[in-house]
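Beneath this line is the structure, given in structure tokens, with notes to follow.
The values are calculated or read from the model by the stated rules, or taken from the named source; none is laboratory data. Since the structure is predicted, the reported quantities are computational estimates derived from the model, not experimental observations. Note: ideal-geometry Cβ built from the backbone for every residue, glycine included; neighbour counts use all protein chains shown.
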Amino acid sequence: MKIIGEKINGTRKRVAQAITERDTDFIQSLAQKQTEAGATWLDVNAGTHPSREADDLIWLVETIQAVVDTPLCLDSANPKALAEAAKAVNKTPMINSINGEPERLEGILPLVVEHGCQVIALAMGGKKMPENTEARVDIIHQVIAATRAAGIPDKSIYVDPLLMTVSTNIQSGMIACDTIRTLHQSYPEVHFTLGLSNISFGLPARSYINRAFLTLAMAAGLDSAILDPLDRELRAAILAAELVLGRDRHCLNYTRAFRAGVFDSTKN
């Protein structure tokens, strides 16, 4: 299970303040803590006005790379900002994201090809959110037709099935899982990711919901998620789920993590 660390995101009040004030120490601390917790990529989202987004993204990239060498996931819908930020990275980044909108594909796919990136593909084709599995699958069929036409291999695509909160639609989790399961059958080399915390938005005791859904999604084929790698119990849940799903040969990852103190040893 690959983890995309979610915490460097300008939609968070404290991160937005750090970007505005160029608070290097705060951003670097977030980068170091997520890396130490096992993040595969660090999501980097400036979340600022398009007129300044490129400068802010570049500052974030340079600030993070000064202390960690973890690959970055450049998170923006702005092709110009992505293009500028991609020039500043030390390692091949992931790009978040494309979707079924022709303008978005035309603006971002050339960057994916130029840099040999992995890319997150949202199961969304316009401003209206697709309501069911069938609509999301149809959109991804169109997106993958475009990525294949551009010469991007399926293994470089991370499909995001658009996980929504169950507080507004109790079937949201099952729609996401069914979308993953259906697309996995059609595109066995495609990967899957999603923003895990979306499922529990607006509800109390959110970590329990996040953990329960994550296990179900992993069984459906999810192999990556945008989440908080500092959530110790969530990391333990991932290791346990991989174990029972038969993805942890000889139980080595689980037992090594236990010895390293990832688990609460009082819970037997």
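Each row is one residue, and each column tells you yes or no for (1) crowded, with 18+ Cβ neighbours inside 10 Å; (2) in contact with a Phe, Trp or Tyr (Cβ under 6 Å, 6 or more places away or on another chain); (3) touching a residue at least 12 places away in the same chain (Cβ under 8 Å).
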{"position": "Ile199", "(1), (2), (3)": "yes, yes, yes"}
{"position": "Leu214", "(1), (2), (3)": "yes, no, yes"}
{"position": "Met218", "(1), (2), (3)": "yes, no, yes"}
{"position": "Leu222", "(1), (2), (3)": "yes, yes, yes"}
{"position": "Leu227", "(1), (2), (3)": "yes, no, yes"}
{"position": "Arg235", "(1), (2), (3)": "yes, no, yes"}
{"position": "Ala240", "(1), (2), (3)": "no, no, yes"}
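From the list Gly47, Gly107, Gly126, which one is within 17 Å of the chain's Cα centre (by Cα) and either farther than 28 Å from Leu163 by Cα or touching a residue at least 24 places away in the same chain (Cβ under 8 Å) (or both)? Walk me through how you get there before you give the answer.
On the way: Gly107 fails: within 17 Å of the chain's Cα centre (by Cα); Gly126 fails: within 17 Å of the chain's Cα centre (by Cα).
Going through Gly47, Gly107, Gly126 in turn, just one is within 17 Å of the chain's Cα centre (by Cα) and either farther than 28 Å from Leu163 by Cα or touching a residue at least 24 places away in the same chain (Cβ under 8 Å) (or both): Gly47.
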Filtering region 43-83 down to residues that are of a type in the set (D, E, K, R) and surrounded by fewer than 18 Cβ atoms within 10 Å (Cβ to Cβ), which residue is farthest from Lys2 (Cα to Cα)? Arg52
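Run down Leu196, Leu230 and say which single residue is over 21 Å from Gly100 (Cα atoms) and touching a strand residue (DSSP E or B) at 6+ places or on another chain (Cβ under 7 Å).
On the way: Leu230 fails: touching a strand residue (DSSP E or B) at 6+ places or on another chain (Cβ under 7 Å).
Exactly one residue qualifies, and that residue is Leu196.
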Just checking, how many residues over region 122-155 are among the small types (Gly, Ala, Ser), exposed (fewer than 13 other Cβ atoms within 10 Å of the Cβ) and either modelled with pLDDT under 95 or not assigned by TED's automatic domain parsing to the domain that holds Ser200 (or both)? 1
Is it the case that some residue within region 156-174 is at pLDDT 95 or above, assigned to a strand (DSSP E or B), crowded, with 19+ Cβ neighbours inside 10 Å and of a type in the set (Gly, Ala, Ser)? no
